[in-house]
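Colleague: Quick one: structure below, then a few questions.
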Amino acid sequence: MAVERKVPAIIDKPMNFCPGCGHGIIIRLIGECLTELGQDQNVIYAIGVGCSSNLGGGLEADRLHCCHGRAAAVATGMKRVNKENIVLTYQGDGDAYCIGIAESLNAAYRNENITVITINNTNFGMTGGQMSVTTMEGQKTSTSKLGRNCDVTGFPMKFPEMVASQFNVAYAARGSVDKPQNIIKLKAYIKNAIEAQMNGEGYSIVEVLSPCPINWGMTPSQSMEHIRDVVMPYFPIGVLKERGEKA
Ligand SMILES: Cc1ncc(C[n+]2csc(CCOP(=O)(O)OP(=O)(O)O)c2C)c(N)n1
């Protein structure tokens with residue numbers, strides 16, 4: 001018998017992401033996880049500046065659209081005064097790891113009981129594809145026309161690995177939307193991260209490798225292959241810190 005799959009009620013209208021963008025898949029997964037955990041009417045968001053800002057346009061949930069990079073600090077306050085709510089941040093790599101690196105690191109350092117979702121598309125998508133700390137070595141962007149030179153700019157930052165190895169966070173994982181098998185795994189990571197918060201275990205983070213076909217100058221299917229062939233070998237997917245594991 002065919003199983004009827006409904007769009008989670010929390011996602012109330014079409015979103016305005018570019019064709020081939022991964023955000024829609026990720027938002028759908030978050031909505032499904034929240035619904036299955038009975039938290040879809042209990043979630044509040046701290047949203048970053050960038051393409052992640054578009055999350056708010058399609059969601060039936062209260063959210064604060066934070067100043068650029070500050071979502072982890074805002075989420076900290078939201079959670080501390082609303083302990084019964086599930087608090088999620090939804091940010092890009094530029095928002096969370098470039099301009100917001102101090103807030104992001106400090107929330108993890110304090111093991112705040114929040115869930116951080118970071119969309120890593122290896123560039124500043126919304127503003128025209130500038131180089132980010134996650135830009136791959138040799139990647140051409142509008143501010144690295146000849147390809148990123150890591151001898152000069154440093155190497156792509158692995159934020160979840162940093163917090164998983166150095167801080168006493170509850171859960172850290174990296175997933176990808178490049179193919180159905182990985183989307184299923186990603187859903188399990190997001191669910192675990194939210195469950196960690198529900199149990200009061202502390203800071204949980206899921207980074208998602210996501211395509212940006214427009215700024216990468218690729219078709220949607222080429223950009224999924226690019227994730228597999230180029231991005232994933234450097235940013236491996238999987239659980240980086242299991243729940244219940246000490247640093
Ligand atoms: C204080 C401040 N500096 C710079 C900007 C311009 N700006 C808007 S979005 C963005 C980058 C977003 O990149 P990322 O977080 O990777 O998100 P994406 O758009 O790729 O999803 C920048 C630099 C801004 N809005 N505010």
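Bear in mind these aren't lab numbers, they're just calculated from the coordinates by the rules spelled out. As the structure is a prediction and not an experimental result, all values here were calculated from the model. Cβ sites come from the backbone with ideal geometry, for glycine too, and all protein chains shown count toward neighbours.
Colleague: What's the magnitude of the charge dipole for the chain around its Cα centre, counting Lys and Arg as +1 and Asp and Glu as -1 at the beta-carbon? Answer in Debye, nearest 20.
Modeller: So the magnitude is around 100 debye.
Colleague: At a Förster distance of 41 Å, what's the computed FRET efficiency of GLU4 paired with HIS65, Cβ-Cβ distance as r, to 0.05? Mind showing how you got there, number by number?
Modeller: Numbers: r = 34 Å, r/R0 = 0.82.
E between GLU4 and HIS65, to the nearest 0.05, is 0.75.
Colleague: Tell me, what HN-Hα J-couplings in whole Hz come from the Karplus equation 6.51 cos²θ - 1.76 cosθ + 1.60 at θ = phi - 60° for each residue of the range 104-120, using x for Gly and Pro?
Modeller: Each residue of the range 104-120 in turn: 5, 5, 5, 5, 5, 4, 7, 6, 4, 7, 10, 10, 9, 10, 10, 9, 9 Hz.
Colleague: Of the options PRO14, GLY24, MET136, report the single residue whose Cα projects farthest towards the positive end of the charge dipole of the chain (beta-carbon charges: Lys, Arg +1; Asp, Glu -1).
Modeller: Farthest along the dipole direction, towards plus: MET136.
Colleague: Could you work out [θ]222 nm for the chain from helices alone, using -39500 (n - 2.57) per DSSP H run of at least four and dividing by all its residues? Round to the nearest 500 deg cm²/dmol. It would help to have the intermediate numbers written out before the result.
Modeller: Numbers: 8 runs with 76 residues, N = 247.
Value at 222 nm, helices only, nearest 500: -9000 deg cm²/dmol.
Colleague: I'd like the distance between the alpha-carbon centres of the range 131-186 and the range 22-46, rounded to an integer number of Å.
Modeller: 23
Colleague: Ok, one more. Quick one: which residues, 5 or more positions from LEU240 or on another chain, have an amide H under 5 Å from its amide H? H modelled 1.01 Å from N in the peptide plane, none for Pro or chain starts.
Modeller: ALA172, ALA173, ARG174
Colleague: Please give the charge dipole size of the range 123-191, origin at the Cα centre, charges +1 on K and R Cβ atoms and -1 on D and E Cβ atoms. Round to the nearest 20 debye. If you can, show how the numbers build up before the last one.
Modeller: On the way: 9 positive and 4 negative charges, 60 e Å.
Using only the charged Cβ atoms, the result is roughly 280 debye.
Colleague: Another one. Taking the radius of gyration and the Kirkwood hydrodynamic radius from Cα positions alone, what is the Rg/Rh ratio for the range 51-154, to two decimal places?
Modeller: On the way: Rg = 15.2 Å, Rh = 14.6 Å.
Over the Cα atoms of the range 51-154, Rg/Rh equals 1.04.
Colleague: Zone of VAL152 (label point 7 Å along Cα→Cβ, backbone N under 14 Å): which residues in the range 131-146?
Modeller: Residues 131, 138-146 qualify, since their backbone N sits under 14 Å from the label point.
Colleague: Across the range 7-22, in residue order, what do the Karplus-derived ³J(HN,Hα) couplings come to in whole Hz, using 6.51 cos²θ - 1.76 cosθ + 1.60 with θ = phi - 60° and x for Gly and Pro?
Modeller: Working through the residues one at a time gives 5, x, 4, 5, 9, 9, 7, x, 9, 10, 7, 5, x, x, 5, x Hz.
Colleague: Which residues make up the longest stretch of the chain clear of trypsin sites (Lys or Arg not before Pro) that lie in a DSSP loop with no more than 14 other Cβ atoms within 10 Å, not counting the sites? Provide the component values of the computation, followed by the final result.
Modeller: Working: sites that count: ARG5, LYS6, LYS83, LYS145, LYS246.
Answer - 146-245.
Colleague: In bins 5 Å wide, starting from 0, what share of all Cα pairs of the range 138-247 does each bin hold, as a percent?
Modeller: Computed distribution, short to long bins: 2, 12, 18, 19, 17, 13, 10, 6, 2, 0.
Colleague: Equivalent-ellipsoid semi-axes (√(5λ), Cα gyration tensor) for the range 84-139, whole Å, largest first?
Modeller: Equivalent-ellipsoid dimensions as semi-axes: 24, 12, 8 Å.
Colleague: I would also like to ask the following. Please list, in order along the range 161-173, the HN-Hα scalar couplings obtained from phi with the Karplus expression 6.51 cos²θ - 1.76 cosθ + 1.60 (θ = phi - 60°), rounded to whole Hz, x for Gly and Pro.
Modeller: Result, rounded to whole Hz: 5, 4, 6, 5, 8, 9, 10, 8, 6, 7, 7, 9, 8.
Colleague: Please work out how much length the chain gains when fully extended from LYS179 to LYS13, using 0.36 nm per residue of separation minus the C-alpha to C-alpha distance, in nm with one decimal.
Modeller: On the way: separation 166, 0.36 × 166 = 59.76 nm, distance 2.43 nm.
The LYS179-LYS13 span can extend by a further 57.3 nm.
Colleague: Have a look at ALA164, ASN113, ALA75 and report the one farthest towards the positive end of the charge dipole of the range 23-241, computed about the Cα centre with Cβ charges (Lys/Arg +1, Asp/Glu -1).
Modeller: Most positive-ward Cα: ALA164.
Colleague: Okay, moving on. Compute and list, largest first, the equivalent-ellipsoid semi-axes of the chain from the alpha carbon gyration tensor, each √(5λ) rounded to a whole angstrom. Spell out each step's value before the answer.
Modeller: Values: eigenvalues 134, 90, 59 Å².
The equivalent ellipsoid of the chain has semi-axes of 26, 21, 17 Å.
Colleague: How high is the relative contact order of the chain? Use alpha-carbon pairs under 8 Å, at least six apart in sequence, and give a whole percent.
Modeller: 19
Colleague: Evaluate the distance, in nm, between pseudo-label points positioned 7 Å from the Cα of THR143 and of THR219 along their respective Cα→Cβ axes.
Modeller: Taking the simple label geometry, THR143 and THR219 are separated by 3.2 nm.
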